[in-house]
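Take a look at the following structure, please.
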Amino acid sequence: MCDASDFAVGAVLGQRVDKKMNVIYYASRTLDEAQSRYATTEKELLAVVFSIDKFRSYIVGSKVVVHTDHAALKYLYTKKDAKLRLLRWILLLQEFDLEI
């Protein structure tokens, strides 16, 4: 799970065992001045990128389900004229077996 606000991004790495979610790791960080001016969709994608980067050693080679409250992130994968920053992030995420 990951989420973004106007001031920070946060994520939780969990593992489902017998229909129960067990927390493995919490992570968060504040946004710098430039990041705090990003659009909401960019902040939400930044939260996903932050969580994937933070949990990389745990998730490499595994199927990962990303829970987010921002449905527009699915749309970004099909958008052809996105900002270069977003395209870089999307390319980074394509290294993983992600379901958003």
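I'm trying to understand the selection: among the residues of segment 49-58, which are under 13 Å from the mean Cα position of the chain (by Cα) and touching a residue at least 40 places away in the same chain (Cβ under 8 Å)?
Answer for segment 49-58, where residues must be under 13 Å from the mean Cα position of the chain (by Cα) and touching a residue at least 40 places away in the same chain (Cβ under 8 Å): Val49, Phe50, Ser51, Ile52, Lys54, Phe55.
With the condition kept exactly as written, say whether any residue in segment 54-75 is of a type outside the set (Ser, Thr, Tyr), crowded, with 17+ Cβ neighbours inside 10 Å, assigned to a strand (DSSP E or B) and at pLDDT 85 or above.
Scanning segment 54-75 turns up at least one residue that is of a type outside the set (Ser, Thr, Tyr), crowded, with 17+ Cβ neighbours inside 10 Å, assigned to a strand (DSSP E or B) and at pLDDT 85 or above.
Moving on. Where residues in segment 1-10 are assigned to a strand (DSSP E or B) and modelled with pLDDT under 95, which of them is nearest to Arg37 (Cα to Cα)?
Per the stated criteria, the residue is Ala4.
Any chance segment 23-42 includes a residue that's of a type in the set (A, V, I, L, M, F, W, C), touching a residue at least 40 places away in the same chain (Cβ under 8 Å), in contact with a Ser or Thr (Cβ under 8 Å, 6 or more places away or on another chain) and closer than 24 Å to Leu91 by Cα? Walk me through how you get there before you give the answer.
Initial filter on segment 23-42 (of a type in the set (A, V, I, L, M, F, W, C)): 23-24, 27, 31, 34, 39.
Now restrict to residues that are touching a residue at least 40 places away in the same chain (Cβ under 8 Å): none.
Taking every residue of segment 23-42 in turn, none turns out to be of a type in the set (A, V, I, L, M, F, W, C), touching a residue at least 40 places away in the same chain (Cβ under 8 Å), in contact with a Ser or Thr (Cβ under 8 Å, 6 or more places away or on another chain) and closer than 24 Å to Leu91 by Cα.
The values are calculated or read from the model by the stated rules, or taken from the named source; none is laboratory data. Treat the numbers as computed from the prediction; the structure is a model and nothing was measured. Positions of Cβ are generated from backbone atoms using ideal geometry, with glycine treated the same way; all protein chains shown enter the neighbour counts.
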